[in-house]
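First comes the structure, then the notes that go with it.
Nothing in this text is a laboratory measurement; each read-out follows from the coordinates by a stated rule. For clarity, every value in this text was computed on a predicted model and none was experimentally measured. Neighbour counts are summed over all protein chains in view; Cβ atoms, including those assigned to glycine, are modelled from backbone coordinates with ideal geometry.
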Ligand SMILES: Cc1ncc(C[n+]2csc(CCOP(=O)(O)OP(=O)(O)O)c2C)c(N)n1
Ligand SMILES: [Mg+2]
């Protein structure tokens, strides 16, 4: 009997399937390079996507370019899937002129780009959910066929804004995809000290909203669940709370030492469930990828990253007088 081949989800071409892998791998390689730049003293701060690439690229790929995304600080994979370039992300990392996120005024990880319909997040966790709900409400009032998607960690769902956002979205049946990237920790606090339940998605029931939990390290499962949720929103059937069970395999940020709150065995076990290696295997079984292509793509990406590092290091810092632009009303403005 012929070996069963993995099936491609609906709506994804062969190129689309490969692109998802490429986006995940670019996110990982870029993130790894950011850590070395930090550790040799060239950049002050990294907040990492490593381990969560399938969750991020998977949900982002289910959206259309005209939908609005509100990512959170870990969503490097979303920024890349949406179309932010390695060169642009490196400018942001060094806080340099030309960074499309904030022109060097924000910390790294504050993704936002008008061209990509991506709303910049606040450093205050979870308020981005309210921003997404406001965006979706405006879309609905304008009769637009668009969806807003917002991501956040499971720890942040203990904040009141989480409940306010779900409540408002459910009252007005707003087209919102709420994505919880559940990596099991809020910095050093494990999930059982954040909440007394096992699945964040169970909370959707209190808001008469669909709640779904999927394996966040299975990119195609994430894509399928996100697509279903997005289509539900487009049909006018309201929001979905989608929970992706995943893990960050590096410390919370470059200022964190995770050895003090979790065992090396636990981290190693999750490294063994690496979402990128897993999807590479799937694509290989589909006959869409092989070792040669993998090596060539890695080499090409590494040189793109190195060129971006050189360019970003050489780029000027933004003019200090622009630091408060777009914060207060400016002369001549109404
Ligand atoms: C209101 C608020 N409280 C505390 C912080 C500090 N802080 C930044 S990230 C974070 C952990 C959030 O954990 P989680 O939501 O699970 O996301 P993860 O970092 O695990 O992806 C905290 C406490 C903050 N930024 N905002
Ligand atoms: Mg978390």
Among 21, 137, 172, residue whose mean-square fluctuation peaks in a GNM of the chain (springs only between Cα atoms under 10 Å): 172
Given a Förster distance of 25 Å, the FRET efficiency implied by the Cβ-Cβ spacing of residue 277 and residue 302, rounded to the nearest 0.05, works out to 0.90
Expressed in angstrom and rounded, the centroid-to-centroid distance over alpha carbons for the range 38-73 and the range 273-315 is 16 Å
Give me the Debye-computed log₁₀ of I(q)/I(0) at q = 0.17, 0.18 Å⁻¹ for the range 188-332, equal point scatterers on Cα only, no solvent, two decimals. -1.13, -1.14
Alpha-carbon spread of the range 124-224, three principal axes, descending order, Å: 42, 31, 24
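Over the range 14-312, what lengths in whole Å, largest first, do the semi-axes of the equivalent ellipsoid take, defined as the square roots of 5 times the eigenvalues of the alpha-carbon gyration tensor?
28, 21, 21
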If we count other beta carbons within 10 Å of each Cβ, what is the order of 249, 189, 133, 124, fewest first? 124, 189, 249, 133
The relative contact order of the range 21-121, taking Cα pairs under 8 Å that sit 6 or more residues apart, comes to a percentage of 27 percent
For the range 130-271, what does the relative contact order come out to in percent, with C-alpha contacts under 8 Å and a separation of six or more? 26 percent
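Students often check this: by mean Cβ neighbours within 10 Å, which of 235-247, 29-41, 283-295 ranks highest, and how do the rest follow?
235-247, 29-41, 283-295
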Report the residue, chosen from 140, 321, 22, that carries the largest GNM mean-square fluctuation when the chain is represented by alpha-carbon nodes joined by springs under 10 Å. 321
Percent of beta bridges antiparallel (DSSP, the range 14-312, rounded to nearest 5): 15 percent
Most exposed first, judged by fewest Cβ atoms within 10 angstrom, 102, 48 run 102, 48
Sort 152, 317 so the one with the fewest other Cβ atoms within 10 Å of its own Cβ comes first. 317, 152
Label-point separation in nm, residue 260 to residue 290, each point 7 Å along Cα→Cβ: 5.0 nm
Springs between alpha-carbon atoms under 10 Å, Gaussian network over the chain: tell me which of 315, 221, 210 tops the mean-square fluctuations. 315
